[in-house]
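A short write-up of the structure that comes next.
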Amino acid sequence: MEPFKGLRVVELCATQAVAQVTQLLADFGAEVVMIEAPGGSPLRQETAFPFWARGKKSVVLDLENEADRGELAKLLHSADVLVEACPVGQLEAWGLGHESLIAANPRLVHGSITPFGPDSPYSGLPFHDDLVQARIGLFSSFFRMARNPKRPPFVSPPFSTHAATHAMNHGLFSALMEREHSGRGQHVDARNALAFYTIDSWQWSEHAIAKRFPDAMVIVPSYDDEGRPRNHLAMRLLVAPTADGHWLQFAATAPRLFRAKMKALGLDWMFDDPEWAEVPMFETAEKFMDLWVRMVEATRTKTMAEWLAIFDADPDVFAEEFRPYDTVLDHPQLVHDGFSVVLEDPENGPVRQPGPLIKADRTPAQLRPAPRLDADRGQVLGQGWSTPAVPCPEPTAPAPRGLPLEGVTIVELCSMYAAPGGPALLAELGARVIKVEPPEGDPIRHIAALPEVSGIRPMLGKESICIDLTKEAGRQLARDLCRDADVVVQSFRAGAVQRLGLDYEAIRQINPDVVYLNACGYGIDGPYGHRPAYAPSIGAAAGFAMINLGMGGEESSDLPFEQILDIARRLSSAGTTNMAQADGAACNGVATGIMFGLYARARGAGGQQLGTSMLNTGSHMMSGFTVTWPGAPAPLLVDEGHTGVRALRRTYAAKSGYVMVVAKTEAEWHGIAEALGAPELAADPRFATFAARDANDAALTAALGELFKARSAQEWEQTFVALRLGVIQVAEEQAESVALDTPFGEQHHLAAVVEDPTWGELPRLVPHVAFSRSTTRIEPAVLAGQQTDQVLTLAGMADRIEQLRADGVVS
C-alpha cells in the first residue's frame, strides 16, 4: 500500500525545506499540489528541482488575482495539509491567514517554515538560508577550515534548511497523529534559526558548562596557532592522503578501533613503548604533533587499493574517501540500498538523484517524476477537493490540548549520537523514550573531556536503564521491554542485532504491531553495513567537507608535506565541527523515520520494518549539489577565499565586521543598489541582467566591496532589515555563543534552564518545533541507569529488581 494515499497536501511559496517535506509525503502516495506563480517556482531554476518536485502536481495561480486566490481557498478548504514558507503576513494579506483557514477547514494541519520566526526582528527578510547561517554564527563555527581564521568563512552545506525540513516533518506527522484522535488540525511552526541547533552534538553543552564552571573546564581549539593538534580526536579522526592522492577520513573513537587502526598504520608498537604509553592522550602539543606527522606519513605509504584491501580484511579498520559532490551518489552502499536512483524526467531526461529517505518493507516508496509547469491545472481545479478524502473523527469542541505524542513508547537500542539524538527530539513532543544502555553507559557520555558533557543532548527527556546485553537474561529483559513498545529503534552494525536476538523478526514475534527502525550508519547489510560509522567519515562520504572547501576531488600524489598538513587541518575542520556535522543531520532523519512509521501505522499500514542511514540522510541534505542530469550545470563552489560563490551571494568586509549579501531576484538587486546609494550599479549594462552580472562577477564583487566599507556591519544590517532586503551582519561569535551570550538568543527564545543531574541549573535548547494547540515539554538529560527501577516497576517487574541487580543484569 501507499501509506499516505488520499492525503491531500498543498505546497505554497516553496523553499528547499518546504519542497523536501512535501516530497517525502509524495514519495509515499500523498497527492501533493505545488502552487506555482506565473513563470514557475524559483526552485525550477535549481538543478535539484526534478528531485525536490518528485511525484507532485503543478498548478499555476496568480495570487495577486482575486479569482486565483479563490481557487486556492477552495483547495485549502478540503485539504489535509498546507506547507508554506510565505513571507510573514503574506497569507493574511491574501485573506488566507491561519485563523481563516482553520475556521473554514477545522481538519487542516498548516505548517509554516520561516527563517527566524514571525516574532523576530528579522522576520521581514527574504528567505535565504545563507542569511540565517551567517547570523546565527555558523560561519564563525567553521573558522578553522579557511586559511584566514579571522574572517568567518562562507559555509556551503544547507545545515539550517535540512534541520527545518525535519523539524516540520516531526511537527506535521505529530499533528496528523493527534488529529486521528481529536479530528482537529492546527498550526505547526518550524524556524531555521532554532531548528539548526538540533544538529549540534555537544558544543552547546560544553560551552554552557565552561561558562558556568570556568575553573573546571577550558575549551581548547583542536589546533593551536602554529597548526599543531591539541587533542586526541585529531588522531582518532585522522585525515590523510594515500600514496596515490586520495584523501581519507578515519574514524576510530572507540579504543579497540584506534588500536586496530594503529596496527594497520604499523604504529601499534607504541602501546608497549614507555615513551608512548599514553597514546593518543598527551600533555604537550609537541607530542601530539609528532604522532600526527607519523600517522600521516604512514597513511601515505599505501595506495587507495592497498587501504581498501586492509579494510576488507579487518572490519575494525576503516576510512571513508572524501567524495566530491559528483560521486556521492555512486557510493556502493547507497546503490545497494536503492538510495541512489535514476528517474526519467519529462524535461531533463534521466536524472540521478537520492532515492527515498526511508526504506519501508510493507509500504515501499513509489517514485514518480516531477511535473511540467501547470501540467495538472485542469485536473486539480476541475475535479476539486469537495469532500475530505481521509476519514478522521468529527472535530471536538473545545479543541483538546496536550502532548501530541503522549502515549507513544519508544525503546532505544542505540549508541553514540546519530541514532539516540532522534528519539530525544521526539521526547520533546511527548514520547516516552526508554534508553537501553550498557552497564558502563553509552560511549557518547565519555567523548568530551569531562564526563557527561557530550551525552547531554542525546539524553534529554529519556528514561535510562542499564542492561548487560552480553548476558542472555539481559537480552530477554530487553525483549520484554520491546513487547509493549510502539517503536523499537536500533543502530548496531550489520549482523549484531541478530546475534543479540533483538532484530525485527525476533521482536515481531512478540509485538506484531511494532514500528521497527534500523537507524544505522550505513545499513543492515550490503558492502558497508559492517563498517563503523562516525560523523566525520559519513560527512566525508556525503560530500560535506569537499563542498565546504570548494574542492572538486583534485588528487595529487606529490604535494609538499606542509601543504598536506594544511589540507588535512582544513578538511578536518570542514567536516567535523561539533556544531554542525553528519551526526546531527542524521538524528533528524531518525526522528522522521520514527514519525513516518507511526503515522503510516495510524493510516492502516500496521507495524513494519523501516530503514534509514546516516549516509542516506546526508545525501538528501546535499541534494542541491549531488542531483545531476545530462547537460545540468555544475553547482557553484565557494571561492578560494571562502567569501561566497558569486557577487550577490557573498560576505563583504564592512568598516567593522562583515555582512552577508544575498539577492536572487531583480527586485532584490535593485533594492540593494539603491540602499547602497549606488543605483547606477543596477543600471550599468555590465550588471543590468542576471547573465551580465554572471559574466562580470569579479567587477561587481569589487564594486560592492568598496561600497560596504563605508559603514559598520551593524549599521548596514539595521538599514537593510528595515528595507526587508537580504543583507545581514555576520556573527563573529560561534553559534553556541550567539545563542547563549548575545541578545540574539534571548530575542529568539532559544534556551530554557533545567536542573541537570550532574551540573545543576543548565540551559538547554527549547523544543525544536511548536504548535498552536498541542504542547511540548522541556526536560533535562538523564544519567546512565537513572530510571532503572522506575522502568522495571512500570513494566510489572518490581519483584525482580533485586535479583536482576544481584545477577549483574541491570545496574
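The values are calculated or read from the model by the stated rules, or taken from the named source; none is laboratory data. Since the structure is predicted, the reported quantities are computational estimates derived from the model, not experimental observations. Here the Cβ positions follow ideal geometry from the backbone for every residue, glycine too, while neighbour counts run over all protein chains shown. SASA here: full protein model, heavy atoms, side chains in, ligands and nucleic acids out. Shrake-Rupley method; radii C 1.70, N 1.55, O 1.52, S 1.80 Å.
With r as the distance between the Cβ atoms of residue 683 and residue 37 and R0 = 22 Å, compute the FRET efficiency 1/(1 + (r/R0)^6) and round to 0.05. Efficiency computed from Cβ-Cβ geometry: 0.25. Close amide H partners of residue 82, meaning residues 5 or more places away or on another chain with modelled amide H under 5 Å apart, are 10, 109, 110, 111. Taking Cα centre as origin and charging only the Cβ of basic (Lys, Arg, +1) and acidic (Asp, Glu, -1) residues, the dipole magnitude of region 548-614 rounds to 680 debye.
Dipole of the chain computed with +1 at Lys/Arg Cβ and -1 at Asp/Glu Cβ about the Cα centre; of 241, 333, 547, farthest Cα towards the positive end is 333.
The phi-based Karplus calculation (6.51 cos²θ - 1.76 cosθ + 1.60; θ = phi - 60°) puts the 3J(HN,Hα) values of region 491-503 at 9, 5, 5, 3, x, 5, 5, 5, 4, 7, x, 10, 6 Hz, whole numbers, x for Gly and Pro. For the chain, the 222 nm mean residue ellipticity estimated from helices alone, with every DSSP H stretch of n ≥ 4 adding -39500 (n - 2.57) and the total spread over all residues, rounds to -10000 deg cm²/dmol.
Using a probe radius of 1.4 angstrom, the carbon and sulfur fraction of the accessible surface of region 600-714 is 56%. Here the Karplus relation 6.51 cos²θ - 1.76 cosθ + 1.60, evaluated at θ = phi - 60°, turns the backbone of region 790-804 into coupling constants of 5, 4, 5, 5, 5, 8, x, 10, 4, 6, 9, 4, 4, 6, 4 Hz, with x for every Gly and Pro. Antiparallel beta bridges, as assigned by DSSP with both residues in the chain, represent about 45 percent of the total such bridges. Taken about its Cα centre, the chain carries a charge dipole of roughly 940 debye when the Cβ of each Lys and Arg holds +1 and the Cβ of each Asp and Glu holds -1.
Over all other residues within a Cβ to Cβ distance under 15 Å of residue 509, the charged ones net out to -1, with Lys and Arg as +1 and Asp and Glu as -1. Applying a 4.7 Å cutoff between beta carbons, the unpaired cysteines of the chain are 392, 414, 466, 482, 520, 587.
Relative to the current alpha-carbon distance between residue 746 and residue 695, full extension at 0.36 nm per residue lengthens the span by 14.1 nm. Per residue, the accessible area of region 487-640 comes to 27 Å², computed with a 1.4 Å probe over protein heavy atoms only. Quick check: from the Cα gyration tensor, does region 731-791 come out rounded (a/c under 1.5), prolate or oblate? Cα axes put region 731-791 in the oblate bin.
Toward the positive end of the charge dipole of region 418-497, about the Cα centre and with charges on Cβ (Lys, Arg +1; Asp, Glu -1), which of 441, 451, 419 goes farthest? Of the listed residues, the answer is 419.
Scanning residues 5 or more positions from residue 751 or on other chains, those with amide H under 5 Å from its amide H are 766, with H placed 1.01 Å from N in the peptide plane. Share of carbon and sulfur in the accessible area of region 20-121 stands at 51%, probe radius 1.4 Å. The residues packed around residue 80, meaning those with a beta-carbon under 10 Å from its beta-carbon, carry a net charge of +2 if Lys and Arg are +1 and Asp and Glu are -1.
Using a Förster distance of 35 angstrom, determine the FRET efficiency expected from the C-beta separation of residue 212 and residue 259, and round it to 0.05.
0.45
Computed over neighbours whose Cβ is under 14 Å from that of residue 168, the net charge equals -2, Lys and Arg +1, Asp and Glu -1. Heavy-atom accessible surface of region 42-134, averaged per residue, reaches 32 Å², computed with a 1.4 Å probe. Each Lys and Arg contributes +1 and each Asp and Glu -1, all at the Cβ; summed about the Cα centre of region 535-654, the dipole is approximately 740 debye. Using a probe of 1.4 angstrom and keeping all protein chains present, the accessible surface of region 159-276 works out to 32 square angstrom per residue. Estimated at 0.36 nm per residue, the fully extended path between residue 150 and residue 723 surpasses their Cα-Cα distance by 203.3 nm. Classify region 298-451 as rounded, prolate or oblate from the Cα gyration tensor: take a ≥ b ≥ c as the square roots of its eigenvalues, call it rounded if a/c is under 1.5, otherwise prolate when a/b beats b/c and oblate if not. Note, shape of region 298-451 comes out oblate.
Length gain on complete extension for the stretch residue 306 to residue 272, per 0.36 nm per residue less the alpha carbon to alpha carbon distance?
Gain in length upon complete extension: 9.6 nm.
Bridgeable lysines around residue 57 (alpha carbons under 19 Å apart, same-chain partners fewer than 8 residues away excluded): 5, 74. When the Cα gyration tensor is reduced to axis lengths a ≥ b ≥ c, the ratio a/c is 1.5 or higher for region 401-521, and with a/b not above b/c it is classed as oblate. Whole angstrom only: what separates the Cα centroid of region 755-793 from the Cα centroid of region 171-223? Answer, in whole Å: 12. Label sites at residue 368 and residue 702, each approximated as a point 7 angstrom past Cα along Cα to Cβ, lie 5.3 nm apart. Normalising the average separation of contacting C-alpha pairs (under 8 angstrom, six or more residues apart) by the number of residues puts the relative contact order of region 236-296 at 28 percent.
Sparse packing (at most 13 other Cβ atoms within 10 Å of the Cβ) combined with a DSSP loop state is found for the following trypsin sites (Lys or Arg not before Pro) in region 124-206: 147, 150. Please work out which option in [x] 1.08; [y] 0.95; [z] 1.04 gives Rg/Rh (Cα atoms, Kirkwood Rh) calculated from these coordinates, and answer with its label. Computed from these coordinates, Rg/Rh (Cα atoms, Kirkwood Rh) corresponds to label [y].
Can you tell which of 692, 267, 400 lies farthest toward the positive end of the dipole of the chain, using +1 and -1 charges on the Cβ of basic and acidic side chains (Lys, Arg; Asp, Glu)? Value: 400. The share of accessible area on region 240-321 that comes from carbon and sulfur is 52 percent, using a 1.4 angstrom probe.
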